[in-house]
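The values are calculated or read from the model by the stated rules, or taken from the named source; none is laboratory data. From a predicted model like this one, the values you see are computed outputs, not experimental measurements. Every residue, glycine as well, gets a Cβ built from its backbone with ideal geometry; the counts of neighbours run over all protein chains shown. The protein model used for the area step is the full one, side chains on, heavy atoms only, and it has no ligands, DNA or RNA in it. Shrake-Rupley method; radii C 1.70, N 1.55, O 1.52, S 1.80 Å.
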Amino acid sequence: MMEKADPAQKLYTRMRLWDFPDQYIIEPTDGSSGSSLLISRVDGSMKLIDEIPQCSSVRVPKIQTIFGVIGMLKLLAGSYLLVIKERECVGSYLGHPMFKVTSLKVLPCDHSLRNSPAEQKKMETEFSKLLSVAERSHGLYFSYDVNITLSLQRLHNLGDESKLLPLWRQAEPRFLWNNYMLEVLIDQKLEPYLLPIIQGSFQNFQAAIGKDIIDVTLIARRCTRRTGTRLWRRGADPDGYVANFVESEQIMQLNGSIASFVQIRGSIPLPWEQIVDLTYKPKFEMVRAEEAPRVIERHFLDLRKKYGNVVTVDLVNEHGAEGRLSEKFASGMQHVGSDDVRYLHFDFHHICGHVHFERLSILYDQIEDFLVKNRYHLLNDKGEKAEEQLGVVRTNCIDCLDRTNVTQSMIGRKMLEFQLRRIGIFDAEETISTHSNFDDNFKILWANHGDDISIQYSGTPALKGDFVRFGKRTVQGIFNDGWNALARYYFNNFSDGTKQDSIDLLQGHYIVSVSRDMNPLPQKGGVEAFASFPVAFSLILVGFFLSIMSLGQVRHDIRHLFFSTLWAGMSVAVAAYVKANGRIFCNRPRLHKPSR
């Protein structure tokens with residue numbers, strides 16, 4: 001029998017943080033009559049209290065308002081409490097307010113560190129720097145009233161007993177971003193403080209179709225099992241969990257009816273990686289190739305259990321390095337393919353090029369039978385189930401960002417049209433594009449959705465976003481893609497390693513213990529002591545700029561040909577040095593292999 005929670009015991013929605021020199025006190029100020037939470041700044045220990053301690057001239061607290069407790073991390077000597085400093089209401093979800101974390105704060109409880117050995121203090125400082133990176137985590141969402149970790153279909157299918165449980169107990173662990181950080185609070189049975197957080201995206205709009213008002217929501221839930229940044233998390237782990245796995249749910253509400261359609265994306269489910277080496281596209285390398293069949297089998301077994309039938313759409317190139325990886329994927333799928341699991345390769349770049357994305361209709365024709373057969377979730381105006389989604393489309397490219405988002409937006413559009421015809425709003429020939437305001441809002445919905453997912457994985461908005469946003473490629477969009485591609489190169493090579501360490505720490509993939517040491521940083525000497533990528537990159541850009549300027553003056557003075565050759569040669573020399581000494585410039589990960 002599952003333990004039932006008191007339905008009257010709600011999550012605290014607003015709290016006052018008392019920052020004393022020796023302790024923090026979190027006091028509910030939303031009208032709740034619950035106890036305050038005291039946290040020691042010496043060792044992070046917690047207890048509930050009924051009264052706030054008296055202030056004195058030597059114990060003057062700082063006071064601020066917070067909106068939730070994310071959790072606590074224990075490092076070598078100190079503990080660190082994460083709280084929501086600022087929030088933004090971004091819409092409603094099933095009639096309940098939906099919030100985005102706009103600022104989170106790490107509160108150190110590390111006074112015991114004063115008596116620690118020097119080496120331990122140094123290591124603690126390095127770890128705590130990773131928490132400052134965590135303060136900039138993007139795309140965190142929460143609700144005080146409804147479980148946002150489950151799709152509407154799974155939420156509707158929850159038993160009555162489960163619906164009485166606290167939100168953190170109902171939550172899907174894969175999508176509970178602060179799952180690991182909540183453990184300390186769970187042990188202390190601090191139910192009103194246990195706020196579930198997801199990472200992903202939440203977009204919403206309303207539009208009129210005649211006299212009817214349609215409400216469309218798009219929510220993304222990122223899986224935490226193999227989470228990370230673009231070049232630092234690729235492929236699948238031995239259990240079949242893949243990098244950048246995201247569940248995207250499109251929800252439509254109209255005249256009391258509510259419908260949803262779920263799609264998923266995720267890295268190619270093979271044990272592969274790309275080692276950051278300052279090249280624009282590092283080589284794809286298989287690791288533990290002998291495990292590949294078992295990894296694919298585990299991955300699709302898990303998808304079958306959670307989503308039903310699966311059609312996997314592989315959008316990578318047919319030739320080159322992508323093609324070789326795709327061949328291994330297709331070969332592995334021959335052993336798991338069945339009536340329930342289907343594989344389809346669609347060379348996006350070859351068929352659609354850079355501008356003809358309307359040719360995605362070719363792909364749609366190939367999967368239309370699957371979509372029609374496996375349907376979507378639909379509740380009528382009486383709350384009765386009228387349709388059930390029986391399967392899912394799994395889409396991937398290499399990054400599962402740009403090509404994937406364009407494709408998923410096309411599928412989402414088709415399914416929404418199905419739903420509107422089903423409830424009698426659209427006739428047989430009517431489409432979203434016949435309603436300009438509705439069409440514009442729908443495009444923006446999916447473009448923002450793609451940007452959010454891309455920022456979390458690659459550091460930049462999605463490429464090809466102009467097609468999703470405007471329905472066509474634009475000069476500005478192509479320019480933005482070039483700039484974002486350059487930015488991705490920089491982030492992937494020179495900041496994402498540290499970001500990856502921070503993510504691993506937050507998710508409990510790296511467990512801190514006294515017996516563990518961080519990998520020592522390489523000792524640098526000579527030119528290496530002051531070499532840095534930003535400097536080298538700037539020299540390359542300046543060199544090529546001067547080369548171009550000199551070439552432009554050659555027709556006036558032949559001596560400029562010499563200077564042009566000189567600047568170009570210097571730029572090439574610096575670029576060659578940077579590539580040859582990639583490990584000097586790249587920020588390599590400094591944590592050991594994840595412990596779980």
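In a shell of Cβ-Cβ distance under 15 Å around H319, excluding H319 itself, what net charge do Lys and Arg (+1) and Asp and Glu (-1) give?
In short, -2.
What full-extension length gain, to one decimal in nm, is calculated for R422 and H354 as 0.36 nm per residue of separation minus the Cα-Cα distance?
Extending this stretch completely gives an extra 21.0 nm.
Going through the cross-link list K385/K472; K105/K443; K100/K129; K74/K499; K10/K499; K100/K464, which pairs have a Cα-Cα distance over 28 Å in this structure?
Details: K385/K472 37 Å; K105/K443 34 Å; K100/K129 24 Å; K74/K499 19 Å; K10/K499 34 Å; K100/K464 26 Å.
Over 28 Å apart, Cα to Cα: K385/K472; K105/K443; K10/K499.
Does the range 37-191 classify as rounded, prolate or oblate by the C-alpha gyration tensor (a ≥ b ≥ c root eigenvalues; a/c under 1.5 gives rounded; else a/b over b/c gives prolate, otherwise oblate)?
prolate
Quick one: if you stick a label point 7 Å off each Cα along the C-beta vector at E135 and V287, how many nm between them?
Result: 3.2 nm between the two label points.
With a ≥ b ≥ c the root eigenvalues of the C-alpha gyration tensor of the range 264-319, is it rounded (a/c under 1.5), prolate (a/b larger than b/c) or oblate? Walk me through the intermediate numbers first.
Numbers: a/c = 2.66, a/b = 1.71, b/c = 1.55.
Prolate is the answer for the range 264-319, as a/c is 1.5 or above and a/b outweighs b/c.
Using a 1.4 Å probe, how large is the accessible area of H138, given in Å² and rounded to the nearest 10?
My reading of the accessible area for H138 is about 60 Å².
Just for the Cα atoms in the range 125-266, what are the lengths along the principal axes, largest first, rounded to whole Å?
60, 39, 30
When the distances between all Cα atoms of the range 343-497 are binned every 10 Å from zero, what whole-number percent does each bin get?
Pairs per bin, as whole percents: 10, 34, 35, 16, 5, 0.
Want the number for L301 to I275: 0.36 nm per residue separation, take away the alpha-carbon distance, what's left?
On the way: separation 26, 0.36 × 26 = 9.36 nm, distance 2.88 nm.
Difference between extended and current length: 6.5 nm.
Could you give the length gained on full extension between N380 and I455, defined as 0.36 nm per residue of separation minus the Cα-Cα distance, in nm?
23.4 nm
If I take R0 = 56 Å and measure r between the Cβ atoms of E388 and K47 in this structure, what FRET efficiency does the formula 1/(1 + (r/R0)^6) give, to the nearest 0.05? Intermediate values should be presented prior to the final figure.
Working: r = 47 Å, r/R0 = 0.84.
After rounding, the FRET efficiency stands at 0.75.
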